[in-house]
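Quick notes on the structure that follows.
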Amino acid sequence: MSIVLAMNLNSKHFLSTSQLSPDEIESIFDRARLFKEEFTKRGRFNHLVTGDGIDQKVLVAAFFEPSTRTRLSFQLAAYRIGIKATTFDNLAISSVSKGESLADTMRNIAAMGPDVLCVRYGASDELDEAISELECPVINAGSGAREHPSQALLDAFTILENRGSLDQQRVVIVGDVLHSRVANSNLTLLMQMGAEVAYCAPPEFAPKDGRWKSVQRFDDLEEALRWATVCMGLRIQKERHTSKGIGLSMAEYRERYRIGTSQLEHLQKDGLLLHPGPVIRGIEISSAVLRDPRNKILDQVSNGVFIRAALLTAMLGLEVNKQ
Amino acid sequence: MSIVLAMNLNSKHFLSTSQLSPDEIESIFDRARLFKEEFTKRGRFNHLVTGDGIDQKVLVAAFFEPSTRTRLSFQLAAYRIGIKATTFDNLAISSVSKGESLADTMRNIAAMGPDVLCVRYGASDELDEAISELECPVINAGSGAREHPSQALLDAFTILENRGSLDQQRVVIVGDVLHSRVANSNLTLLMQMGAEVAYCAPPEFAPKDGRWKSVQRFDDLEEALRWATVCMGLRIQKERHTSKGIGLSMAEYRERYRIGTSQLEHLQKDGLLLHPGPVIRGIEISSAVLRDPRNKILDQVSNGVFIRAALLTAMLGLEVNKQ
Amino acid sequence: MSIVLAMNLNSKHFLSTSQLSPDEIESIFDRARLFKEEFTKRGRFNHLVTGDGIDQKVLVAAFFEPSTRTRLSFQLAAYRIGIKATTFDNLAISSVSKGESLADTMRNIAAMGPDVLCVRYGASDELDEAISELECPVINAGSGAREHPSQALLDAFTILENRGSLDQQRVVIVGDVLHSRVANSNLTLLMQMGAEVAYCAPPEFAPKDGRWKSVQRFDDLEEALRWATVCMGLRIQKERHTSKGIGLSMAEYRERYRIGTSQLEHLQKDGLLLHPGPVIRGIEISSAVLRDPRNKILDQVSNGVFIRAALLTAMLGLEVNKQ
């Protein structure tokens, strides 16, 4: 029996969670769930995926910014569905050192004919324009402070898996929301799926983008945790802070917004703690909290491979068959 | 029907375009053309390539100098013919930091038994000697300022594709000819195939090697473009200039040798503009010119994968069959 | 006919040569020998290895410290047995720059579900604990100054291959024994297999670990070479020396412990010279000695791929069949 993916992602770019309808999101989750079940049982799931010349297809993951986890996740997702992959990290450094524009580097890589291209890049109009004109399908693996759609998909998948539904979940995003592409992609996706979203951050970290206007802000972490069914920590994006800093010290931030054991007592017993990683222990989350059973951070990492595998099958127009 | 490759590259090194006879060059072009046609139609061409245990063969691309485009091109070429590949960038840094000679690093990599080894390296007698003694076939992916033979093959292939023949083409190479391995490899190959070659550069960039003695030098870019059917820009190889500089400023160079819209008006309507990349926009070529239909720079990049795929099949003694 | 591997390495970590019984060591050597014979004859040996879904299994080699040779060796070993592989170099730099602990980086990589994980890392209690809790099988590819078990296996295999047996060989380890993980792993393995081990080093390089207490130290290199059947040089591990240095100058060290032509005259005619690499010519070993027929350093490198291929088949529970 073949699971039909409602969305026609084949040969289109996937740049934002706002592109996805609820049906399309469900289709990706269906594939990811099937992959996970089969992987748990048999240690692989490539036998469920079919398509002409599948074993000769190639993912090129071109990361202009540094990445270990997302880059490896895409590479393993490619391997697990049975296609080839190669990845480049920190491409911006080599581009700039050779005097080539980032957009030209991207055009060159695309000209070599990858079957699917996965890019992480500092958002700019020039790059946006270059990407929109590329012939091969492109997956956004993180664009500046704007979007990280595959992360939002795996976050939502992990919530669904542990809470049974997304509808009517109350998700509070804690921390540096202003500089977080993860928060943006999650907001769109979670609201699309019927969840309520709020955030908890000092005013210095409040997002300025219009779509956040009607989103509730908690100033007090414990109050936020009492409200929430899911607490999603964020990484402090120091590399995106201006040289003047953010107007509050790390010690102040930590004092008021670090998720520690005593804070987590205010989260319901079957609530969830998520974080996109890397976690800076002691600042964002205390080490003790990482041993709490509600912590599903490593589950998110595991689910990332299944979600990205599902995405790749959709982008490449591959069939997925339930056996 | 099997296309027989006249050259017996199998188990020999490929280090210079001067090794190739016109028949051998044509054979490589035949394979590359077949690969490109099939890729355009079906998105792959590995089904045309056969050989014992082909899917277990491994290319190791050991780049002692930095490279993104050539390294990825060889890797994709390997994937596309159905073999495995792994690449190392910037190996010179790790060799030197560990106190190992570059030649020893190369001998160690070769001792691990790759089926074919592709190397980019700063030319030296010690490395030349080490390479000549390696048992596995070696492809030169750029040796200092001396040779870049696979680049010359893809350049000539792109000319042939767009101009119908190489014979009697007039190719003018513009820019830093003195420090260009691409220019050297092209000179030999193009003359071998019956093309006329000239160059256009300030005296400071005039090559000193003997084989350039009888090659016409244009001082004036517009005059050169009126003469040419093909204009090949070059990258300014700042990393090979001495600390004293080259005796002329970038502003002077740009004023007289940058290929801009008004200069390109002097090139015939069905002429070609090529460049091995990366392009430093504004210095070597203006952005406007990159939108000219005579610009085939991204076609060169695409063709690079087919040319290198053809080379790899030859080096590995694989059969290529027309279906 | 199937060669049965006595050891049940499947789904267990392989962190130290002290884990291995003589029978288990012999089993790994049997597989490696078979792989080498087949590779010499047919250029591949993957056809001897079988297992459910073998071509979809993935090795992730996560090197927190820099490595070219060991990393490539594991990758080629994976390719040669027919599984997939991806490697990360210098991971410690990216972990630290993002504020993530090395143990968390390792947990994240393991959470993505590699079939086997190969790690090189600076030894620490935190990492040891993290590794012990990982679900996927882990191979130690070098842990600080403590262990490098796959290197010791390939060293012993090379001795066995050239000397016919390990039993009653006299192996002298020359140089920076104090900081050498290779020396530690070799000591355990060689004694386990019946060889006599001694070392030759200035007192500053004498190991402090208890297991070296009863090991004979030679102060004089020529005397040591007269005693030995096998001379194993070591790399000077400058990166592990304290800022105060080691109490002797490189000139002094070189004067007394460099293995040169005149020193090697004291080694028996059919003795062996080994070194784990990279060799710092002129300090540890003279260039002239590298041309001596007793030098098997590049053989060690070649054998490394077969030994690691054997290890991987054992870790993954794959069958190896003699045809």
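The values are calculated or read from the model by the stated rules, or taken from the named source; none is laboratory data. In this text, all values refer to a predicted model and were calculated from it rather than measured experimentally. Backbone-built Cβ (ideal geometry, glycine too); neighbour counts: all protein chains shown. To get the accessible areas, we keep the full protein, side chains included, count just its heavy atoms, and leave off ligands, DNA and RNA. Shrake-Rupley method; radii C 1.70, N 1.55, O 1.52, S 1.80 Å.
Rounded to the nearest 100 Å², what's the accessible area chains A and B bury against each other, both chains counted, probe 1.4 Å? Please list the in-between numbers first.
On the way: alone 13990 and 13980 Å², together 25680 Å².
What A and B bury together is about 2300 Å².
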Pull up the DSSP beta bridges for chain C and report the antiparallel fraction as a percent, rounded to 5.
15 percent
Would you mind computing the Rg to Rh ratio of region C:209-266 from its alpha-carbon coordinates, Kirkwood style for Rh?
0.99
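How long are the semi-axes of the equivalent ellipsoid of chain C, defined as square roots of 5 times the Cα gyration tensor eigenvalues? Whole Å, largest first. Let's see the in-between values first.
On the way: eigenvalues 203, 123, 54 Å².
So the three semi-axes of chain C are 32, 25, 17 Å.
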Once amide hydrogens are built 1.01 Å from N within the peptide plane, the residues lying 5 or more places from B:K57 or on another chain with amide H under 5 Å from its amide H are B:K84
What is the magnitude of the charge dipole of region A:150-301 about its Cα centre, with +1 placed on the Cβ of each Lys and Arg, -1 on the Cβ of each Asp and Glu, and no other charges, expressed in debye to the nearest 20?
320 debye
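Provide a whole-number value for the mean count of partner chain Cβ atoms within 10 Å of the Cβ atoms in peptide B:112-124. Don't skip to the end; give the middle numbers.
Details: counts 13, 11, 3, 2, 0, 0, 0, 0, 0, 0, 0, 0, 0.
Averaged over the peptide's residues, the number is 2.
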What average number of partner chain Cβ atoms lie no more than 10 Å from the Cβ of the residues making up B:147-159?
0
With the label set 7 Å along Cα→Cβ, A:S165 is separated from its counterparts in the other copies, in nm and shortest first, by 7.6, 7.6
Got the relative contact order for region A:150-301 handy, in percent, Cα pairs under 8 Å and 6 or more residues apart?
26 percent
Beta bridge orientation in the protein assembly as shown: antiparallel %, DSSP, nearest 5
15 percent
Taking chain B and counting helices only, DSSP H stretches of n ≥ 4 at -39,500 (n - 2.57) each over all residues, the nearest-500 ellipticity at 222 nm comes to -12000 deg cm²/dmol
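What accessible area per residue comes out for the protein assembly as shown, rounded to a whole number of Å², with a 1.4 Å probe? Walk me through the intermediate numbers first.
Numbers: 35110 Å² over 969 residues.
Accessible area per residue, the protein assembly as shown: 36 Å².
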Kindly give the distances from C:A198 to its copy-mates, label point to label point, with each label point 7 Å from Cα along Cα→Cβ, as nm values to one decimal ordered shortest first.
7.7, 7.7
Once the dipole of region B:166-323 is set up with Lys and Arg at +1 and Asp and Glu at -1 on Cβ about the Cα centre, which of B:L187, B:A314, B:L267 lies farthest towards its positive end?
B:A314
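Using Cα-Cα distances under 8 Å and only pairs 6 or more residues apart, what relative contact order does region A:181-269 have, in percent?
On the way: 55 pairs, mean separation 28.7, N = 89.
It comes to 32 percent, rounded to a whole number.
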In the structure shown, of A:K41/C:K322; A:K36/A:K84; A:K84/B:K36; A:K57/C:K57; A:K269/C:K12; B:K41/B:K322, the pairs separated by more than 24 angstrom at the C-alpha atoms are A:K41/C:K322; A:K269/C:K12
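Give the value in nm², to one decimal: projected area of the alpha carbon convex hull of region C:149-301, averaged over all directions.
Values: hull surface 32.5 nm².
Mean projected area of the Cα convex hull: 8.1 nm².
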Would you mind working out the magnitude of the charge dipole of the protein assembly as shown relative to its Cα centre, with +1 at each Lys and Arg C-beta and -1 at each Asp and Glu C-beta, to the nearest 20 Debye?
100 debye
Averaged across the residues of B:274-281, what count of C-beta atoms belonging to other chains lies within 10 Å of each residue's C-beta?
4
If R0 = 35 Å, then A:S165 and A:D55, at their Cβ-Cβ distance, give a FRET efficiency to the nearest 0.05 of 0.40
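Taking the Cβ of B:A310 as the centre, find all other residues whose Cβ is under 13 Å away and add up their charges (Lys, Arg: +1; Asp, Glu: -1). Present the calculation step by step, with values, prior to reporting the outcome.
Details: positive: B:R31, B:R33, B:K36, B:R80, B:R308; negative: B:E24, B:E26, B:D30, B:E37, B:E38, B:E319.
Residues close to B:A310 contribute a combined charge of -1.
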17 Å reach of a label modelled at C:D219, 7 Å along Cα-to-Cβ, counting backbone N of region C:250-282
C:252-258
Evaluate the Kirkwood expression for the hydrodynamic radius of region B:76-228, namely the inverse of the mean inverse distance over all pairs of different C-alpha atoms, and round to one decimal in Å.
17.6 Å
Which one, B:A130, B:A228, B:Y79, is farthest towards the positive end of the dipole of the protein assembly as shown when Lys and Arg carry +1 and Asp and Glu -1 on their Cβ?
B:Y79
Going 7 Å from Cα along the Cα-Cβ axis for the label, what nanometre distances separate C:L248 from the same residue across the other copies?
5.9, 5.9
Do you know the relative contact order of chain C, to the nearest whole percent, from alpha carbon pairs under 8 angstrom that are 6+ apart?
24 percent
Excluding ligands, DNA and RNA, the carbon-plus-sulfur percentage of the accessible area of region C:72-210 with a 1.4 Å probe reads 46 percent
Amide N of region C:203-236 lying under 19 Å from the label point, which is placed 7 angstrom from the Cα of B:E126 along Cα→Cβ
C:235-236
State the extension gain, in nm to one decimal, for the chain segment bounded by A:M250 and A:T40, taking 0.36 nm per residue of separation less the distance between their alpha-carbons.
71.5 nm
Tell me, what is the FRET efficiency for C:D209 and A:K238 to the nearest 0.05, using R0 = 45 angstrom and their Cβ-Cβ distance as r?
0.65
Summing Lys, Arg as +1 and Asp, Glu as -1, what charge do residues with Cβ under 15 Å from the Cβ of A:Q216 carry, A:Q216 excluded?
+1
Residue separation times 0.36 nm, minus the C-alpha to C-alpha distance between B:I93 and B:R291: what's the value?
67.5 nm
Sites excluded, trypsin sites (Lys or Arg not before Pro) in DSSP loops with at most 14 other C-beta within 10 Å, longest stretch of chain B
B:13-207
For the protein assembly as shown, how big is Rg over Rh, using alpha carbon atoms and the Kirkwood form of Rh?
0.98
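Could you tally the net charge around C:V197, taking each other residue with its Cβ under 14 Å from the Cβ of C:V197, Lys/Arg +1 and Asp/Glu -1? Numbers along the way, then the final one.
Details: positive: C:R170, C:R211, C:K213, C:R217; negative: C:D155, C:D167, C:E196, C:D209.
Charge balance in the 14 Å sphere: 0.
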